[in-house]
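The values are calculated or read from the model by the stated rules, or taken from the named source; none is laboratory data. Quick caveat, the model's predicted, so the values are computed rather than measured. All Cβ positions, even for glycine, are placed from backbone atoms using ideal geometry, and neighbour counts span all protein chains on display. Keep in mind that these areas ignore ligands, DNA and RNA; they rest on the heavy atoms of the full protein, side chains included. Shrake-Rupley method; radii C 1.70, N 1.55, O 1.52, S 1.80 Å.
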Amino acid sequence: MHPGTLPISMIRMDTSFDVRLCENSAINQVDFNNIAFGKVFSDHVFVMDYLDGEWQKGSIEPYGPMSMSPASMVFHYGQAIFEGMKAYRQQDGNASLFRPGDNIKRFNLSAVRMSMPEVPADIFMQALVELVGIDNQWVPSKDDASLYIRPFMFATDSHVGVRASHSYRFMIFTCPVGAYYSKAVRVKVETEYTRAAMGGTGAAKAAGNYAGSLYPTKLAGEQGYDQLLWTDASSHKFIEECGTMNAAFVVAGKLLVPATSDTILDGVTRKSAIQLAKDLGITVEERAISVLELEEAAKAGTLTEAFGLGTAATVSVMCTIGFKNCDFDLPSFDTWTVAPQIKTTLENLRRGYSEDPYGWNIPV
Ligand SMILES: Cc1ncc(COP(=O)(O)O)c(C=O)c1O
């Protein structure tokens, strides 16, 4: 079995959800040539509750508002996790999910870390397949567009007092999206605030991690930067992530990627890019990367590319890195070779323009 893909036999075909279809699809109101990221939602959602120690029967319902108690524990103690993944329109017209098994695995690691129940992988996979199947028309066909899929889970006990909730809701909605970041980003090496510390929740996709990153990002924005390059919590000497993406650099022709740890999210794009880069004959080093090493490489002219890797943007190009005492402008994107090759190879594979040697595409 290829890593991260569930064998079809693990997809429990007898799983049947209640399905209530919407009366009027909103699809005709969408301009598929001009989709704002994360603002347009497909017709249906998947909903499944965890009550009395077990998952109840899931359902697919029309997308819309839901009512919740003001005392729902998620609002107070923050038990909330999510995932981000995509379905792509294939060259042959079918839609397929990209490495969904990896997202399911990571979701359940997040669940364990946040003391929440795991969602059985077979039910999760079936929910993805059925939901995207029902809203198949919402998977865009333009080459830079895709269907973003957002599974998430939150605590639903109405209760005041810190403890793990006993009840939860698991949901999935989807939204058609175009390109994410259109312009190259100016990033600042953050040496005061911290995204994640050893023993913390940085390796989980816990909602609170993102809330904590907003204020330092806002401060960086006031200084003229678009994003932060997070560093380790104890010394602030080592690069960890780039905003909400994994970071990657090309120094002296080698692709350098911070090794994953307790404080770094194990990105699906990151591991796909590493595999494809190796296949392309690029030397890859997954290890600790110090700020000093990058700064010296910048001065020596050997730091030639810097980019973020993530589902939303795939490859997000950095144009400037703000070190403590100086801004370093990267060479113009036209001269880059590694990031464009990775992006093109990954996109071709995801859309069925090229071979899928690792079985990463799962047809819906
Ligand atoms: C903090 C963080 N790092 C990295 C990533 C990239 O992960 P992936 O490639 O699985 O989207 C994400 C996005 O999910 C993220 O939120």
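Descriptive notes on the structure:
- Cα long-axis angle, helix 338-350 against the chain (0 to 90 degrees, to the nearest 10): 20 degrees
- Of 86/299; 142/299; 39/105; 218/271; 57/205; 57/142, those spanning more than 32 Å from alpha-carbon to alpha-carbon: 86/299; 142/299; 57/142
- Accessible surface of segment 41-199, 1.4 Å probe, proportion on carbon and sulfur as whole %: 52 percent
- Per-residue packing, averaged as other Cβ atoms within 10 Å, sorts the ranges 224-233, 252-261, 284-293 into the order 224-233, 252-261, 284-293, beginning with the highest.
- When the residues 222, 347, 241 are ordered by accessible surface, computed with a 1.4 Å probe over the protein chains alone, the sequence from largest down reads 222, 347, 241.
- With R₀ fixed at 51 Å, the C-beta to C-beta distance from residue 52 to residue 28 puts the FRET efficiency at about 0.75.
- Packing-based ranking, highest mean first, of 183-190, 98-105 given that Cβ atoms within 10 Å are counted: 98-105, 183-190
- Degrees between helix 100-113 axis and first principal axis of the chain (Cα, 0 to 90, nearest 10): 90 degrees
- Segment 292-364 shape via C-alpha gyration tensor axes, a/c threshold 1.5: prolate
- By average C-beta atoms within 10 angstrom, highest first, the peptides 155-164, 26-35, 72-81: 72-81, 155-164, 26-35
- Cβ-defined net charge surrounding residue 223, 14 Å radius [Lys, Arg +1; Asp, Glu -1]: -1
- Relative to the longest principal axis of the Cα atoms of the chain, the long axis of helix 207-222 lies at roughly 40 degrees.
- Probing with 1.4 Å while keeping every protein chain in the model, the per residue accessible area of the chain equals 45 Å².
- Of the residues 364, 158, 60, the one whose Cα sits farthest towards the positive end of the charge dipole of the chain is 158 (charges of +1 on Lys and Arg Cβ, -1 on Asp and Glu Cβ, taken about the Cα centre).
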